[in-house]
Amino acid sequence: MRINFSAALAALLLTLCATAAAADEDGYDLWLRYRPLDRTAQANVQSQARSIVLPGAASPTTQAAVAELQRGLAGMLGKAPAPASRIADGALLLATPARLPELAAVASPLRAELATLGNEGYLQRQTRVQGHNVTLIAANSDIGLLYGAYAWLRDAGTGARLEASSAPKLSLRLLNHWDNLDRTVERGYAGQSIWDWWALPDIKDQRYTDYARANASLGINGTVLNNVNSKPEVLTAPFIAKAAAVADVLRPYGIKVYLSARFSTPLELKETSTADPLSPEVRAWWQRKADEIYKAIPDFGGFLVKANSEGQPGPQDYHRTHADGANMLAAAVAPHKGIVMWRAFVYAPKGAHLADDRARQAYEEFKPLDGDFSANVLVQVKNGAIDFQPREPFHPLFGAMPKTPLMMEFQIAKEYLGYSTDMAYLGTLFEETLESDTKTAAGAVANTLTGMAGVANIGSDRNWAGSQFDQANWYAFGRMAWNPQAKARDIAAEWAALTFGPDKRVAPPIVDMMMISRETVVNYMTPLGLHHIMGTGHHFGPAPWVDNLERPDWNPVYYHRASRDGIGFDRTAKGSNALEQYAPEIARQYADPKTTPEQYLLWFHHLPWDYAMPSGRTLWAELLTRYDQGLADARSLHARWVALKPLIDARRYTEEEQRLTRQVNNAILWRDACIAYFQSVSGLALPPGVQAPAHPLDYYKSLSYPYAPGRG
Ligand code: GCV
C-alpha cells in the first residue's frame with residue numbers, strides 16, 4: 001500500500017486545527033478572547049505591531065492599553081512584542097499631542113483631525129513618523145489611546161479594515177446595576193452581584209478588573225453600582241469606602257463610579273428630622289455627604305435617583321416637585337462637578353388618583369418641569385412609556401423636553417424577554433428605538449439624547465451574563481452608546497466573529513439567528529403591539545387573564561382590554577389620548593389604525609376581532625398567525641444552532657442547545673396559553689389549520705412560578 005504522506009499530514013493538521021478550534025470555552029473571556037488568527041491575518045497584524053511604542057511616561061491608563069495590546073497580540077499571534085522606547089519601522093505607536101509634540105505641531109496633518117475627536121476619540125493611521133513606517137493610534141488623552149487600542153484589537157480580531165477615526169456621540173455611557181447590598185440582583189439572571197460588598201474594600205476580585213476591561217473595550221465610561229431601589233446604608237462611611245475601592249480599580253479604564261441614592265436617606269439614618277428637599281437641614285446634610293463621598297472618590301460621577309415611584313420616597317411626599325428634589329441633590333454635587341440622573345419612571349402612588357393610562361404619567365409629571373432642572377441634572381427616561389416590554393413605541397418624553405438633557409434607559413437584562421434563557425438579541429430593539437427620530441420631522445430621540453444607560457445583565461456567573469448570547473446584549477448596548485447610529489447587524493457580526501471566530505461558516509449564520517431572535521420573542525409573547533401580559537411579579541410566562549391585583553395598571557387585562565368586541569388599548573382621542581403626547585406628525589400617523597405600523601397596532605387601538613389586516617386576514621386570524629410564526633421561528637433558531645454543532649466547541653454548543661430547546665417550550669407555552677385565553681374571550685373558533693392549545697385554559701392559569709429568579 002502506498003501512503004501519500006503529504007495528504008496524510010494535511011489531514012492530520014486539519015483534524016488538529018478543528019480540534020483546537022473546538023476547544024471548550026466557558027465564556028469568561030467575553031469578546032476579548034484573542035484566539036490565534038489564520039496565517040494571512042497573523043502576517044498582516046504582525047507587520048503592524050513589531051513593537052509597541054508609547055512616548056513619555058506611562059500612566060495607569062496607558063499601562064492598561066499596552067497590557068491589553070500585549071495580551072491580544074500574544075493570543076492572536078502566539079507572541080507579544082515587548083514595549084520599546086524607540087520608534088522603528090513596523091511599530092504600533094500610541095501617541096497624544098502631549099506625548100509626541102509633532103502631533104501638536106501646526107504643520108501636522110493630523111492636528112485638525114485630532115481636534116475634532118474630543119477627549120475620548122481616537123484615530124488610527126498607517127503613516128510615517130520620524131522617518132519610520134508605523135501604525136499610529138493617536139488621541140488627545142490617555143483614555144482615547146485606551147479606546148484606540150481596543151478598537152485596533154477588535155479590527156485585528158475580525159479582520160476588519162482599520163477605522164480611520166472615531167469619537168463617542170454621547171458623553172455619558174453608563175451601566176446601571178440593580179444590585180443589592182446582600183448580592184441579590186433585582187431582575188438579575190446571571191447569578192449573584194459581581195460586587196462582593198462584604199469582602200470589599202479589602203478584597204478586590206480580579207473580576208472587577210476584567211469587568212473594567214470589557215466595558216472600556218466598548219467605551220462605557222460610568223457605572224451605577226447599586227439598585228435604584230436603594231438603601232440608606234449605601235451612603236454610610238463603610239459603603240463609601242467599599243465603593244471607593246471599586247472606583248480605584250475602574251479608574252484607569254475611564255469608568256466613573258455612581259451610586260443610586262434613596263431620597264429619604266438622612267431621615268432614615270435619623271440624622272435629620274425630615275427629607276424635605278427645601279429644608280436647610282436636609283440640604284446641609286446632602287452637602288456634607290457629597291463632600292464626604294468626594295473625599296473618598298475624587299472623580300465620583302454622582303447620583304441616580306428613583307423617586308416617587310413604586311413605593312420609593314421622593315420630593316412629592318413633601319408636596320415638592322421632581323425638580324425641587326433633583327436640584328437639591330444637584331447643588332450638593334455641583335461643586336465637585338458631579339451630576340444627578342433623575343429617573344422619569346414614575347406611576348401614580350398607591351391610593352392616589354390613577355391616571356387613565358399609565359403610559360401618560362411620566363410625560364404629565366415631567367413635561368411641565370422642562371426648564372426647571374439645574375444644569376447638572378439629566379432626566380433618565382426608559383425607552384418606552386410602560387416598562388421594557390419586548391416591543392414599545394419610543395417614550396413621548398423624547399422630543400418633548402428641549403430644555404432638559406435626557407438620557408435613554410434600556411434594560412439589557414431581559415426581565416420581560418425570557419430572562420437569560422431565551423435568545424433575544426437586543427441590538428434590533430435598541431436600533432428600532434434609536435432611529436425613531438428619522439421618522440418624525442420633530443426629531444424625537446437622537447436630538448435630545450445626551451447619554452445612554454443600560455440596566456446591566458452582569459452577574460457572578462462564569463459567563464457573566466447568564467448565557468453566551470446575552471453577552472451580545474451587553475456588547476450591543478456599549479457599541480450603541482458610543483454610536484447610537486450604529487447598525488444592529490454590523491454589531492452582531494462583530495460580536496459573533498469575536499466570540500465564535502471569524503469562520504464564514506459560523507459567524508454569518510449566527511448573525512442571522514440573532515437578527516430574527518427578538519422578533520421571534522415578540523411574536524410568541526406580545527405580537528401586534530400587545531404588552532404587559534406577563535406573569536405577576538416575576539414577569540415570566542403568559543398571564544393575560546390576571547385581573548385581580550390591587551392596582552388596575554398591574555393587571556394584564558388593563559393593557560390588552562380584550563373582550564367579545566375586540567382587543568387593544570385605545571390611546572387615540574377616543575380613548576386615553578396618550579397619542580397627544582407625541583409630535584403632531586407621529587400623533588396623526590398613529591391616530592388611524594390604517595397608518596399605524598402593525599407592530600404598534602394594539603398599543604394604540606382597540607379593534608374588532610374581524611378588523612381587516614393588510615394581509616387579508618382578520619385581526620383574530622392575524623394574531624394566531626403571529627403566535628404560530630413565533631413558535632416556528634423559535635424552532636428554526638434551535639435547528640439552525642444544531643446545524644452548527646460541528647463548528648462550535650462542545651461546552652458552548654451544549655449550553656445554548658439546552659436553552660434553545662427550552663425556548664421552544666417557552667414559545668409553546670406562550671402560544672398555547674394566549675390562544676386559549678384570547679379564544680375564551682373572543683368566543684371565536686380557530687380557523688382550519690390552526691392547532692388547538694395542548695391544554696384547556698385552566699391548566700395554564702394553574703401554573704405558578706414562586707421561585708422564578710430576579711426579584712429584588
Ligand atoms: C428596579 C420595573 C421592574 C422593577 C424595577 C422598576 C424600575 O417595574 O419590574 O423591578 O425596579 O421597573 O425600573 O425602577
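The values are calculated or read from the model by the stated rules, or taken from the named source; none is laboratory data. Keep in mind that this is a model prediction, so the values were computed, not measured. Methodologically, a virtual Cβ is constructed for each residue, glycine included, from the backbone with ideal geometry; neighbour enumeration extends over all protein chains shown. The accessibility values were calculated without ligands, DNA or RNA, using every heavy atom of the protein model including side chains. Shrake-Rupley method; radii C 1.70, N 1.55, O 1.52, S 1.80 Å.
Taken one residue at a time, the phi angles of region 73-78 give Karplus couplings (6.51, -1.76, 1.60, θ = phi - 60°) of 5, 4, x, 7, 10, x Hz. Gly and Pro are set to x.
Here the chain is assigned +1 on the Cβ of each Lys and Arg and -1 on the Cβ of each Asp and Glu. Its dipole about the Cα centre then comes out at about 1520 debye.
Protection proxy ranking for 185-197, 587-599, 50-62, 571-583, using the average of other Cβ atoms within 10 Å per residue and placing the highest first: 185-197, 571-583, 50-62, 587-599. Roughly how many Å is it from the Cα centre of region 296-327 to that of region 560-635, as a whole number? First find each Cα centre; the distance between them is then 37 Å.
Provide the FRET efficiency to the nearest 0.05 for the ALA58-THR450 pair, computing r from the beta carbons and using R0 = 41 Å. Each step should come with its number before you reach the end.
Working: r = 33 Å, r/R0 = 0.80.
After rounding to 0.05, the efficiency reads 0.80.
Ratio of Rg to Rh for region 468-593: 1.09 [Cα atoms; Kirkwood radius as inverse mean 1/r over pairs].
Note on the chain: antiparallel DSSP beta bridges, both residues inside, total approximately 25 percent of the bridges counted. Computing the accessible area with a 1.4 Å probe over protein heavy atoms, can you report the carbon and sulfur percentage for region 32-166? In region 32-166, the share of accessible area belonging to carbon and sulfur is 52 percent. Backbone geometry of region 475-483 corresponds, through the Karplus equation with coefficients 6.51, -1.76 and 1.60 at θ = phi - 60°, to 3J(HN,Hα) couplings of 4, 5, 4, x, 5, 7, 5, 5, 9 Hz, x marking Gly and Pro. For region 172-486, the residue among TYR419, ALA453, THR209 whose Cα projects farthest onto the positive side of the dipole built from Cβ charges is THR209.
Remark: region 32-166 carries 44 Å² of accessible area per residue (probe radius 1.4 Å; ligands, DNA and RNA excluded). Once you compute Rg and the Kirkwood Rh from C-alpha atoms, what is the Rg to Rh ratio for region 32-166? With Rh from the inverse mean 1/r over Cα pairs, Rg/Rh is 0.94. Cβ-Cβ distance of GLU113 and THR274, R₀ of 45 Å, FRET efficiency by 1/(1 + (r/R0)^6): the value works out to about 0.25. Multiplying the residue separation of THR209 and ALA375 by 0.36 nm and removing their Cα-Cα distance gives an extension gain of 56.5 nm. For region 172-486, compute Rh as the Kirkwood radius over C-alpha pairs and then the Stokes-Einstein diffusion coefficient at 4 °C and 1.567 mPa s; write the answer in µm²/s, rounded to an integer. Answer, rounded: 66 µm²/s. Sorting 365-376, 554-565 by average packing, meaning the other beta carbons within 10 Å per residue, from highest down gives 554-565, 365-376. Give me log10 I(q)/I(0) at q = 0.09, 0.12, 0.23 Å⁻¹ for region 110-235, Debye formula, one equal scatterer per alpha-carbon, no solvent. Once normalised to I(0) and log-transformed, intensities are -0.38, -0.61, -1.31.
Take region 263-373 with all the other protein chains still there, run a 1.4 Å probe, and you get 40 Å² of accessible area per residue. Using R0 = 30 Å, the C-beta based FRET efficiency linking ALA685 and ALA643 works out to 0.20. Simple spin-label estimate for SER85 and TYR705 gives 6.1 nm between the two label positions (7 Å along the Cα-to-Cβ direction from each Cα).
In this label model, ASP182 and TRP554 are separated by 2.0 nm, measuring between points 7 Å along each Cα→Cβ vector. Charged side chains reduced to their Cβ positions (Lys and Arg at +1, Asp and Glu at -1) give region 32-166 a dipole of some 380 debye around its Cα centre.
Modelled spin-label separation between THR654 and GLU585, with each label point placed 7 Å from Cα along the Cα-to-Cβ direction: 5.4 nm.
With 20 Å as the limit on Cα-Cα distance, the pairs of LYS231/LYS270; LYS367/LYS403; LYS414/LYS594; LYS204/LYS337; LYS289/LYS337; LYS242/LYS306 that go past it are LYS414/LYS594; LYS204/LYS337; LYS242/LYS306. Put simply, the amide H of TYR258, placed in the peptide plane, has neighbours under 5 Å in THR223, VAL224, LEU225, GLY301, leaving out anything fewer than 5 places away on its chain.
In this structure LEU278 has an accessible area near 80 Å², from a 1.4 Å probe over the protein heavy atoms. Annotation: amide H-H contacts under 5 Å for LEU136 (H modelled 1.01 Å from N, sequence separation of 5 or more, or interchain): LEU93, ARG125, GLN126, THR127.
About its Cα centre, how strong a charge dipole does region 577-712 have in debye, to the nearest 20, once Lys and Arg get +1 and Asp and Glu get -1 at the Cβ?
Its charge dipole is roughly 440 debye.
Report for region 32-166 the percent antiparallel among DSSP-assigned beta bridges with both residues inside it, nearest 5. Beta bridges within region 32-166, antiparallel portion: roughly 50 percent. Placing unit charges on the Cβ atoms of the charged side chains and taking the dipole of region 122-200 about its Cα centre, the candidate lying farthest along the positive direction among TYR189, ASN176, ASN133 is ASN133. Note that the chain shows a convex hull volume over its alpha carbon atoms of 185 Å³ per residue.
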